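Here's the structure, in C-alpha cells; my notes come after.
The values are calculated or read from the model by the stated rules, or taken from the named source; none is laboratory data. Computed from a predicted model, the values in this text were never measured in an experiment. Note: ideal-geometry Cβ built from the backbone for every residue, glycine included; neighbour counts use all protein chains shown. Surface accessibility is based on the protein's heavy atoms, side chains included, excluding ligands, DNA and RNA. Shrake-Rupley method; radii C 1.70, N 1.55, O 1.52, S 1.80 Å.
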Amino acid sequence: MARLFGTDGVRGTANVDITAELAVDLSVAAAHVLATFGAFDGARARAIVARDTRPSGDFLSAAVCAGLASAGVDVEDAGILPTPGLAHLVKTSGADLGVMISASHNPSADNGIKFFARGGTKLPDEVEDAIEARLGEQWQRPLDTEVGTIRDYGGAVEQYVEHLVSTLDGPLTGLTVVADCANGAASETAPAALRGAGATVHVIGDRSDGKQINEDCGSTHLEKLQAAVVEHGADVGVAFDGDADRCLAVDAAGREIDGDQIMAILALDLKERGQLHDDVLVVTVMSNLGLKIAMKEHGITLGQTSVGDRYVLEEMNLGGYSLGGEQSGHVIMAAHATTGDGELTALHLLQRIATTGRSARELADVMTRLPQALINVKGVDKARASIDRGVLDAVAAAEAELGESGRVLLRPSGTEPVVRVMVEAPSDEVATTAAEKLAAVVRERLSLRA
C-alpha cells in the first residue's frame, strides 16, 4: 500500500479521502505516538488546531479537535490562520502539538492534515510512519475529567501579525504592493502585516469563505496579480497560496519573480549583513541551475535536498544554516520561523527593496534562469518511476545529450498522483523537446492502463 503521509501531511479529496473518521483516527494515533515518543513529558498534553478557508475545514477541524480531546489532549482552536502562523503559535506558546487543516495550493475540494511537534516543526518521517501504523488500534479511553477540553485560542491573528512586523529592521514606507491572498488563510493576516509595516497595500483574492481558494489566483495563478500591479502602478506584487506558506512575486511590469530569485535576493541580503551562516543557501533538486551559478559568483554555496520544505529544514538544522527553500516559493528564514512562511518572505523581500532603493526587477536579475520545461505526467504508476528500466534508460540518454549544459530531473509527486519531468537546457526549444520526449516514455512505460 502507498504511504498515507506525503511530503506535506495527508492530503486528498475532502469527505472522500480525507474524512471526519480519518481525521479523528489520525488525531488519536498522533496523540498516542507522541506520548510514546516522550513528546508530552508525561504531562497532560496541549494542542493548537488551525485551518485555512476551505468549506471542509469546519468539519475536519472539529473532527481533529474531537479526536485529540478523546485521547486526553487539551485543544485550543485558533480558527483560520496560515500554516506558519500555527507553527509560530505552537513554538511561542509551548504547546505540545499543532494540527493544520489545509491542502495548501490544491483546489477547494481537497483538504489535508499536517502535524507540528513542540517547537513548531513538522514531524519526521519515522513519527508519521508510526502514526500511520497505529491507525484504528484498540486503546483504553480516558474517562470523566481525564478527557481533554476544547476552547478557542484568542488573539491568534493579532499575535502572528505582530510577530511578522517585528522581524523587520525598519518600515516599508513609500512602497506600494499588491497582495494576492489566494482567497485563503492569508486574507486577513497578510494585508494587516503589510500595512502594519508601513506599505501601501492593494488586496485581491481575499474572499474568506474559501469557495474559490487557489482558483485562478494566488501563487499558482499569477495573471490577476500581474494585471493588478500594472493597473495600480505598484512597486511589486506578492502572491500566496491557500495556507500562505509560500510566496511568489511580480515586478512593476508584471514579470514573475520565482522562489529561486527571491532566495537569491534574500541570501545576498543576509550575506551582506553577516547573517548567512557559512555562506550557505539550502535548496532542493528543483532549483534552477542559474541560482547555483549566480550564488557561486557571490561566494555562496548551495546545499541540496530532496523536494519538500521539511527536508530543507532538516538540512538547515543539521548545519545551523540561516536560509533555505524551494523554487515554488517555500522560503525558510531560520532566525524568524520554523517552516516556510510566505508573508515573512514577502516582508523581507520588500525590506530589501526599501533599504537598497533598487527595484524588484533589478534585485531579481542577480540570477539568470536557465530555460526550464516541466511536464506533469498523469495517469501513471508513480511508484515505478525510479525502477523501470525503460524510463531510467531514457533519463540517461537525455542527460548524455545535454551534457554539462543542462540537467534532467524525474520524480514522483509527494502530494499528487503524477510524475514530474523537468529539463533545463540552454534554450526553451531544447528543454521542451527533451522534456516532451522523456514524458512520452514515462506515459508509455508507466501507464496504469497497461
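Near the amide H of ILE48, under 5 Å away, which other amide H atoms are found, from residues 5 or more places off or on another chain, if H is placed in the peptide plane?
GLU76, LEU97, GLY98, VAL99
Under a 5 Å amide H to amide H cut-off, with H placed in plane at 1.01 Å, what residues pair with GLY303 once short-range neighbours are removed?
Amide H neighbours of GLY303: LEU281, VAL282, VAL283.
Place the peptides 214-227, 92-105 in order of packing, highest mean first, counting for every residue the other Cβ atoms within 10 Å and averaging per peptide. Before the final figure, lay out the partial values.
Working: 214-227: 20.6, 92-105: 24.9.
Answer by packing, highest mean first, reads 92-105, 214-227.
Out of all DSSP beta bridges in the stretch 11-132, what portion is antiparallel? Express it as a percent rounded to 5.
On the way: 10 of 22 bridges.
Antiparallel bridges make up about 45 percent of those DSSP assigns within the stretch 11-132.
Report ³J(HN,Hα) in whole Hz for each residue of the stretch 113-126, in order, from the Karplus equation J = 6.51 cos²θ - 1.76 cosθ + 1.60 where θ = phi - 60°; Gly and Pro get x.
Per-residue couplings from phi come out as 9, 9, 10, 10, 7, 3, x, x, 9, 5, 5, x, 3, 5 Hz.
Can you list residues from other chains, or at least 5 along the same chain, whose modelled amide H is less than 5 Å from the amide H of LEU135?
none
Roughly what % antiparallel, to the nearest 5, for the DSSP beta bridges in the chain?
50 percent
State to the nearest 20 debye the size of the charge dipole of the stretch 169-242 about its Cα centre, where the only charges are +1 on K and R beta carbons and -1 on D and E beta carbons. Each step should come with its number before you reach the end.
On the way: 4 positive and 11 negative charges, 27 e Å.
Value, rounded to 20: 120 debye.
Which pairs break 32 Å Cα to Cα here: LYS91/LYS211; LYS271/LYS437; LYS122/LYS211; LYS91/LYS296; LYS91/LYS378; LYS211/LYS292?
Working: LYS91/LYS211 30 Å; LYS271/LYS437 41 Å; LYS122/LYS211 27 Å; LYS91/LYS296 34 Å; LYS91/LYS378 38 Å; LYS211/LYS292 39 Å.
Beyond 32 Å between Cα atoms: LYS271/LYS437; LYS91/LYS296; LYS91/LYS378; LYS211/LYS292.
Might you report the magnitude of the Cβ-based charge dipole of the stretch 66-171 about its Cα centre, with Lys and Arg at +1 and Asp and Glu at -1, to the nearest 20 debye? Mind showing how you got there, number by number?
Details: 7 positive and 17 negative charges, 14 e Å.
Result for the stretch 66-171 is approximately 60 debye, rounded to the nearest 20.
Among VAL423, ALA234, ILE300, whose Cα sits farthest toward the positive end of the charge dipole of the chain (+1 at Cβ of Lys/Arg, -1 at Cβ of Asp/Glu, about the Cα centre)?
Positive-most Cα among the choices belongs to VAL423.
Sticking with the crude label model, points 7 Å out along Cα→Cβ, report the distance from ALA440 to GLN304 in nm, one decimal please.
Once both label points are built, they end up 2.8 nm from each other.
What does the charge dipole of the chain about its Cα centre add up to, to the nearest 20 debye, if the Cβ of each Lys and Arg holds +1 and the Cβ of each Asp and Glu holds -1? Could you put the intermediate results ahead of the total?
On the way: 39 positive and 65 negative charges, 82 e Å.
That gives a dipole near 400 debye.
Return one whole number: the accessible area per residue of the stretch 302-450 in Å², for a 1.4 Å probe.
On the way: 6660 Å² over 149 residues.
So the stretch 302-450 comes to 45 Å² accessible per residue, rounded to a whole number.
May I ask you to give the solvent-accessible area per residue for the stretch 1-121, in square angstrom, as obtained with a 1.4 angstrom probe?
Numbers: 3700 Å² over 121 residues.
That works out to 31 Å² for each residue.
Per the 1.4 Å probe, what fraction of the accessible area of the chain, in percent, lies on carbon and sulfur atoms? Don't jump to the answer; show the numbers that get you there.
Working: 9050 of 18160 Å².
With neighbouring chains kept in place, the figure for the chain is 50 percent.
Can you tell which of GLY67, HIS105, VAL28 lies farthest toward the positive end of the dipole of the stretch 23-129, using +1 and -1 charges on the Cβ of basic and acidic side chains (Lys, Arg; Asp, Glu)?
HIS105
What does the C-alpha gyration tensor say about the overall shape of the stretch 192-254? Classify as rounded when a/c is under 1.5, otherwise prolate if a/b is larger than b/c, or oblate. Show your work: numbers first, answer last.
Values: a/c = 1.74, a/b = 1.24, b/c = 1.40.
Note, shape of the stretch 192-254 comes out oblate.
Stretched out fully, how many nm does the piece from THR432 to ALA133 gain, at 0.36 nm a residue minus the Cα gap? Walk me through the intermediate numbers first.
Numbers: separation 299, 0.36 × 299 = 107.64 nm, distance 4.21 nm.
103.4 nm is the gain from fully extending THR432 to ALA133.
Placing +1 on the Cβ of each Lys and Arg and -1 on the Cβ of each Asp and Glu in the chain, which of GLY342, ALA264, SER166 has its Cα farthest towards the positive end of the resulting dipole?
Value computed over the given set: ALA264.
Rounded to the nearest 0.05, what FRET efficiency is calculated for ILE387 and ASP17 with R0 set to 25 Å and r the Cβ-Cβ distance? Mind dumping the intermediate values first?
Numbers: r = 26 Å, r/R0 = 1.03.
For ILE387 and ASP17, the calculated efficiency is 0.45.
By per-residue mean of other Cβ atoms within 10 Å, what is the highest-first order of 76-87, 339-350, 196-207?
339-350, 76-87, 196-207
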